[in-house]
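The values are calculated or read from the model by the stated rules, or taken from the named source; none is laboratory data. Model, not experiment: these values are computed from the prediction. Every residue, glycine among them, receives a Cβ derived from its backbone with ideal geometry; neighbour counts consider all protein chains shown.
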């Protein structure tokens with residue numbers, strides 16, 4: 001999926017679902033859809049690179065649902081170089097969600113080795129989250145062994161102390177997340193983000 005304009009749908013913009021592998025989602029503009037912007041679900045090895053994903057969803061479901069980019073029970077995914085804008089009405093930025101989903105053609109449906117780096121993310125209001133969550137009681141998604149890493153991202157937010165980050169079932173500021181968990185190493189705030 002390269003070089004598409006996906007917009008104004010009454011659902012998720014681009015949804016990769018069930019046992020896909022080696023999918024490339026690159027250089028797309030995905031905006032003003034009613035669901036997630038990009039959703040990569042119960043699938044394997046893929047890349048989400050250099051997309052503009054903005055103004056999707058109004059976060060009616062809460063938690064990390066309704067993200068601009070959502071990785072759900074998938075592994076070996078790189079999320080890099082994307083421009084992500086969370087609308088004022090809600091929704092989230094980049095989310096990783098793990099639930100009990102079993103296994104598929106290429107292994108367990110778990111969130112593993114997801115690298116989220118060198119993205120530009122703008123929160124246009126106090127609403128919106130970025131990070132990871134689980135609702136199965138298995139906290140492995142947060143461990144170093146799973147290899148899920150956020151790093152070197154650039155963020156714009158009107159309040160730099162706002163708890164826009166979700167990790168280990170906590171809502172945290174960027175500085176607290178870095179201090180407690182070592183996630184978002186090299187990530188910075190900017191005063192303006194061209195979008």
Kindly evaluate residue 78 against the criterion of being at pLDDT 95 or above and surrounded by 24 or more Cβ atoms within 10 Å (Cβ to Cβ). no
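Yes or no: the stretch 162-177 includes at least one residue that is loosely packed, with under 12 Cβ neighbours inside 10 Å, under 19 Å from residue 64 (Cβ atoms) and within 18 Å of the chain's Cα centre (by Cα). Can you show your working first?
The first filter runs over the stretch 162-177 and keeps only residues loosely packed, with under 12 Cβ neighbours inside 10 Å, leaving 169.
Keeping just the survivors that are under 19 Å from residue 64 (Cβ atoms) gives 169.
Next cut, within 18 Å of the chain's Cα centre (by Cα) only: 169.
Yes, the stretch 162-177 has at least one match.
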Subset of the stretch 97-114 (residues that are crowded, with 19+ Cβ neighbours inside 10 Å and out of contact with any helix residue (DSSP H, G or I) (no Cβ under 7 Å at 6 or more places or on another chain)): 97, 109, 110, 114
Is one or more of the residues making up the stretch 21-36 crowded, with 21+ Cβ neighbours inside 10 Å and within 16 Å of residue 131 (Cβ to Cβ)? yes
If you take the residues in the stretch 46-69 that are on the phi > 0 side of the Ramachandran plot and at pLDDT 95 or above, which one is surrounded by the most Cβ atoms within 10 Å (Cβ to Cβ)? 55
Which pairs do you get when a residue that is free of Cβ contacts under 8 Å to residues at least 40 places away in the same chain and on the phi > 0 side of the Ramachandran plot, found in the stretch 118-134, comes within reach of a residue that is surrounded by 24 or more Cβ atoms within 10 Å (Cβ to Cβ) and outside any loop (DSSP other than H, G, I, E, B), reach meaning Cβ atoms under 6 angstrom, with the pair 6+ apart or on two chains? none
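Is it fair to say residue 101 is in contact with a strand residue (DSSP E or B) (Cβ under 7 Å, 6 or more places away or on another chain) and over 18 Å from residue 130 (Cα atoms)? Outline the logic, then answer.
Values: in contact with a strand residue (DSSP E or B) (Cβ under 7 Å, 6 or more places away or on another chain): no; over 18 Å from residue 130 (Cα atoms): yes.
It is false that residue 101 is in contact with a strand residue (DSSP E or B) (Cβ under 7 Å, 6 or more places away or on another chain) and over 18 Å from residue 130 (Cα atoms).
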Say whether the condition of being in contact with a strand residue (DSSP E or B) (Cβ under 6 Å, 6 or more places away or on another chain) and crowded, with 19+ Cβ neighbours inside 10 Å is met by at least one residue in the stretch 186-193. no
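Each row is one residue, and each column tells you yes or no for (1) at pLDDT 95 or above; (2) part of a helix (DSSP H, G or I); (3) farther than 27 Å from residue 44 by Cα.
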position	(1), (2), (3)
113	yes, no, no
127	no, no, yes
140	yes, yes, no
145	yes, yes, no
166	yes, no, no
171	yes, no, yes
176	yes, yes, yes
193	no, no, yes
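Tell me which residues, restricted to the stretch 37-56, are outside any strand (DSSP E or B), closer than 15 Å to residue 83 by Cα and either free of Cβ contacts under 8 Å to residues at least 24 places away in the same chain or in contact with a strand residue (DSSP E or B) (Cβ under 6 Å, 6 or more places away or on another chain) (or both). Steps first, please.
Here is the first cut: in the stretch 37-56, the ones outside any strand (DSSP E or B) are 37, 42-43, 50-51, 55-56.
Now drop any that are not closer than 15 Å to residue 83 by Cα, which leaves 37, 50-51, 55-56.
37, 50, 55, 56, listed by residue number.
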Would the stretch 115-124 turn up any residue that is surrounded by fewer than 20 Cβ atoms within 10 Å (Cβ to Cβ), out of contact with any strand residue (DSSP E or B) (no Cβ under 9 Å at 6 or more places or on another chain) and either within 19 Å of residue 35 (Cβ to Cβ) or modelled with pLDDT under 95 (or both)? no
Checking residue 15 against (1) surrounded by fewer than 21 Cβ atoms within 10 Å (Cβ to Cβ); (2) free of Cβ contacts under 8 Å to residues at least 60 places away in the same chain; (3) within 14 Å of residue 109 (Cα to Cα), only one condition comes out false. Which one? (3)
